[in-house]
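Computed from the coordinates by the stated procedures, all read-outs in this text should not be read as laboratory data. The model shown is predicted, which means the values in this text are computed figures rather than measured ones. Every residue, glycine among them, receives a Cβ derived from its backbone with ideal geometry; neighbour counts consider all protein chains shown.
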Amino acid sequence: MPLNPNYTSKTPDANGLYRYSSDENAVWGELFERQIDYLRTRACRAYLDGVEKLKLTGDRVPQVKDLDARLAALTGAGVKGVDAIIPQDAFSTLLASRKFPVATFIRTRQDMEYLEEPDIFHEVFGHAPMLTNEAFCQFMERFGALALTLESAQIKHLFRLFWFTVEFGMIREDGKLKAFGAGIMSSPSEAAFAGSGKAQMLDFDLMTVLRTPYRIDIVQPVYFVIDSFEQLVACLDQDIAAAITQAKALGDRPALFEQAA
Ligand SMILES: [Fe+2]
């Protein structure tokens, strides 16, 4: 079940299909139209290409099964429907097999701007297009495999790397800053802030990322910018466990936000 009591998980039917009401399909459509127009000039090429390749439209909530088949043909990646947030080891096991876990409920009109908990708009509109990019898939797969080898005391720092890339990453393309993180794609308020010029944009650096705390319930005050997805993959060539030990010894960078109560 989702943690938010306003939502309940969906269960697929015998054919693996999830049912959405006309209102839920309309919410998908409104979010899709609003975000896709906005992102045409703000999202990276790999993401926009991915939207085309997956044939995402605002007509209705896509079916996990259809996306999984398209991704399998494109990059050997896939998506798997899950109840909601799943345990870290189950999450990492899926990533290590190029499968992205997808919560299948969709937000209501009260939560159009941002929902802390991932819904299917975040999962599919935000994450799935990037799974059509081979280098991004390599990063995801290796990240998942690495997470399964680390000790639990190291996981929090490792997931900072996930947060500042897969969820809120930016990339430089033709001298311009473009988004690739799913949290930016799926949140109108996050996308507006990331593109406002007010957010702090730092060049991606593994040690800085590992030492940067974040909160999940606010628009991000800082984003990290990569130059290519190959750079992201290459950062995993380092001894990440040793880097986390070093990051912990150096301590966190000062938070750019108030601590949550
Ligand atoms: Fe996400």
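Numerical summary
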read-out	value
Rg and Dmax of region 179-261, Cα atoms only, in Å	13.9, 38
Relative contact order, percent, the chain [alpha-carbon distance under 8 Å, six or more residues apart]	18
Among L94, Q200, V124 the positive-end extreme of the charge dipole of region 89-211 (Cβ point charges)	Q200
Exposure proxy ranking, count of Cβ atoms within 10 Å, fewest first, for I155, I120, I36	I155, I36, I120
Among M140, M207, M170: highest mean-square fluctuation, GNM of the chain, C-alpha pairs under 10 Å	M207
Hydrodynamic radius by Kirkwood, which averages 1/r over all alpha carbon pairs of the chain, in angstrom	18.6
Order of E123, E173, E141, E116 under a 10 Å beta carbon neighbour criterion, fewest first	E116, E173, E141, E123
Cα-centre dipole for region 120-260 with unit charges at Cβ (Lys and Arg positive, Asp and Glu negative), debye to 20	360
Coil-residue trypsin sites (Lys or Arg not before Pro) of region 130-234, DSSP, other Cβ within 10 Å capped at 12	K198
Fewest-first ranking of C137, C44, using other Cβ atoms within 10 Å as the exposure measure	C137, C44
Residue-count net charge about L210 - beta-carbon cut-off 14 Å; Lys, Arg +1, Asp, Glu -1	+2
Under the Debye formula (equal points on every Cα, no solvent term), log10 I(q)/I(0) of region 64-124 at q = 0.18, 0.19 Å⁻¹	-0.65, -0.71
Point-charge dipole on Cβ atoms (K/R +1, D/E -1) for region 101-203, about Cα centre, debye to 20	220
Point-charge dipole on Cβ atoms (K/R +1, D/E -1) for the chain, about Cα centre, debye to 20	140
